[in-house]
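Below is one structure; the comments refer to it alone.
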Amino acid sequence: MRILIVEDEVRLAATLGELLQRQGYTTAIRHDGLSGLDEALSGIYDLMILDVMLPEMDGFTLLQRLREADNPLPVLMLTAKSDLADRVRGLDSGADYYLTKPFASQELLACVRLLLRRGGSGRTDDTVSFGDLSLTPGTFSLSCGQRSVHLSRREYDLMEALIRSGAQILSKEQLLVRVWGYDSDAEDNNVEVYISFLRRKLTHLHSRVKIRTVRMVGYCLEVEE
Ligand code: CA
């Protein structure tokens with residue numbers, strides 16, 4: 001489960017990230033509204049925790065833009081504002097839940113669980129595919145024709161990121177954030193190791209899809225003719 005945190009208070013954002021990571025969630029953090037919206041639109045998250053007062057674009061506007069783009073990503077709004085009018089405005093702009101700062105960690109985690117259970121996420125639970133490959137969420141299996149292999153969680157997340165980007169190149173930094181989370185200690189070398197695991201599995205599957213290394217840039221998928 002991936003959670004996007006859009007919060008300009010750096011320490012609070014980091015604390016939230018750690019709290020959620022300890023529960024096993026993968027997190028990414030953005031400190032302003034514009035890049036938050038950009039990231040939310042990527043479709044790789046299951047939930048967004050969104051502050052209201054943000055530089056570049058406020059949380060209400062961000063949320064409105066997200067919903068205008070027909071993006072159903074569940075949103076938990078987090079704010080110092082406790083006015084009824086603001087709460088109503090937040091819910092009207094399409095927030096799924098509203099939590100007022102300061103809040104207890106347990107309360108936040110309960111809201112997160114609730115919203116994730118409720119689903120309606122921006123990600124589809126459908127199989128994602130590229131070339132002759134398909135990746136099935138619930139079972140963590142990657143298949144090609146009649147053959148299939150089981151992936152570890154990291155391998156799965158990495159493969160999913162690659163498939164969703166397809167021929168578009170992803171840098172190691174982007175993969176680190178998407179797969180290992182924003183403040184993980186993982187390094188480029190971890191990405192390389194997991195890419196090699198996936199390549200071995202693709203060979204085992206006899207897939208025509210290859211993970212191409214674009215020197216100094218990153219990785220992308222391609223279908224071998
Ligand atoms: Ca703020």
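Brief remarks follow.
- Interchain or long-range residues, amide H under 5 Å from VAL209's placed H: ASP132, GLU224
- Order of LEU12, LEU135, LEU37 - criterion: other Cβ atoms within 10 Å of each residue's Cβ, fewest first: LEU12, LEU135, LEU37
- In this simple spin-label model, placing a label point 7 Å from the Cα along the Cα-to-Cβ direction at both ARG215 and ARG199 gives a separation of 1.5 nm.
- When both region 195-225 and region 1-74 are represented by their alpha-carbon centers, they are found 31 Å apart.
- Remark: SER165, SER196, SER129 ranked as SER196, SER129, SER165, counting other beta-carbon atoms within 10 Å and listing the fewest first.
- Residues whose amide H comes within less than 5 Å of that of TYR98, counting only those at least five positions distant or on another chain, are MET77 (H built at 1.01 Å from N in the peptide plane).
- In this calculation the C-beta distance from LEU12 to GLU187 is compared with R0 = 25 Å, giving a FRET efficiency of 0.45.
- Ranked for footprinting exposure by Cβ neighbours inside 10 Å, fewest first, GLU224, GLU56, GLU187 give GLU224, GLU187, GLU56.
- Long-range amide H partners of ASP8 with built H, under 5 Å: none
- Largest-first principal axis extents, alpha carbons of the chain, Å: 59, 30, 30
- Shape call, region 2-118: gyration tensor on alpha carbons, a/c limit 1.5: rounded
- Net length gained if the chain between LEU114 and THR127 were fully extended (0.36 nm per residue, minus Cα distance): 2.3 nm
Each value in this text was obtained by applying a stated rule to the coordinates, not by laboratory testing. Just so you know, these numbers come straight off a predicted model, no measurement behind them. We place every Cβ from the backbone using ideal geometry, glycine too, and count neighbours over all the protein chains shown.
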